[in-house]
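Q: So that we are looking at the same thing, I have put the structure below in structure tokens.
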Amino acid sequence: YSVSHDLRAPLRAVSGFAQILSERYAARLDDRGRHYLDNVIEASQRMTTLIEDLLHFSRTGRGAVRDLPVPLAPVMSHLASIFNDRIAQMGAHLDVAEPLATPRADPVLLERVLVNLIDNALTYRCQTGQPRIRLSSIRDHEGVTISVADNGIGIAPEFHEKIFQVFAQFDESKKCS
């Protein structure tokens, strides 16, 4: 909480000055200068989102994680409303495979994960073609699997192990007794 709070002030300054530059001086910049300024503004917006996520995570960490049945239809409807303008602006497609399963999860955390995945799919997209995001869910004997797939830039294979290492299953032999 403290870190997210402390990061807000300098970020507001960067964002504010970038907006002033954009509003007052954009016409005086060449194409390269406007491109750089647009990058600063976009990065500031992403950083704002990251700080908000960090703050949300700190608040979530203080409460107990709930284990409830979460009907996915209302979650997907809310996600569509969150991203509707951005999807329309980009000409993207968000496809939700029906029928939707009902997993057991913390509703807030589940929605947060899905928001982050959709945001990443829209942010890290190919510059050619329209972004396509597909959400699906399958119930089997072990529970519900929710899948989010997109046609974005992806992650180079040589980085898979490093990136996905944080998600590796806990080594059973290292369990404390």
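The values are calculated or read from the model by the stated rules, or taken from the named source; none is laboratory data. Predicted model, so just to flag it, every value in this text is computed and none were measured. Positions of Cβ are generated from backbone atoms using ideal geometry, with glycine treated the same way; all protein chains shown enter the neighbour counts. With ligands, DNA and RNA removed, areas are computed over all heavy atoms of the protein, side chains included. Shrake-Rupley method; radii C 1.70, N 1.55, O 1.52, S 1.80 Å.
Q: Just one of (1) open to solvent by 100 Å² or more (accessible area, probe 1.4 Å); (2) under 24 Å from Gly91 (Cα atoms); (3) of a type in the set (A, V, I, L, M, F, W, C); (4) at pLDDT 90 or above trips up Ile138, so point out which.
A: (2)
Q: Closer than 18 Å to Ser147 by Cα, part of a strand (DSSP E or B) and in contact with a strand residue (DSSP E or B) (Cβ under 7 Å, 6 or more places away or on another chain): does that describe Leu94? Working first, answer last.
A: Numbers: closer than 18 Å to Ser147 by Cα: yes; part of a strand (DSSP E or B): yes; in contact with a strand residue (DSSP E or B) (Cβ under 7 Å, 6 or more places away or on another chain): yes.
Yes: the conditions hold for Leu94.
Q: Continuing with the same structure: Considering only region 65-96, how many residues are over 27 Å from Gly143 (Cβ atoms) and either among the acidic types (Asp, Glu) or surrounded by 12 or more Cβ atoms within 10 Å (Cβ to Cβ) (or both)?
A: Qualifying residue count for the region: 6.
Q: Search region 100-135 for residues being surrounded by fewer than 17 Cβ atoms within 10 Å (Cβ to Cβ) and of a type in the set (Val, Ile, Thr), and hand back the single one that is farthest from Ser77 (Cα to Cα).
A: For region 100-135, the residue satisfying everything is Thr128.
Q: Can you find a residue that is within 19 Å of the chain's Cα centre (by Cα), within 30 Å of Val3 (Cβ to Cβ) and assigned to a loop (DSSP other than H, G, I, E, B) anywhere in region 63-77?
A: no
Q: Looking at Ala101, Ala97, Ala105, Ala121, which one is modelled with pLDDT of 90 or more and over 26 Å from Leu68 (Cα atoms)?
A: Numbers: Ala101 fails: over 26 Å from Leu68 (Cα atoms); Ala97 fails: over 26 Å from Leu68 (Cα atoms); Ala105 fails: over 26 Å from Leu68 (Cα atoms).
None of the others qualify; the one that does is Ala121.
Q: Return the pair list, or none, for Cβ contacts closer than 8 Å from residues in region 1-16 that are assigned to a helix (DSSP H, G or I) to residues that are open to solvent by less than 70 Å² (accessible area, probe 1.4 Å) and not hydroxyl-bearing (Ser, Thr, Tyr), at least 6 apart or on different chains.
A: Partner pairs satisfying both residue conditions: Ser4/Ile51; Ser4/Leu55; His5/Leu55; Leu7/Ile51; Arg8/Ile51; Leu11/Ile51; Val14/Val40; Ser15/Ile41.
Q: Right, here's the next one. What's the number of the only condition in (1) surrounded by 11 or more Cβ atoms within 10 Å (Cβ to Cβ); (2) part of a helix (DSSP H, G or I); (3) modelled with pLDDT of 90 or more that Val148 fails to meet?
A: Failed condition: (2).
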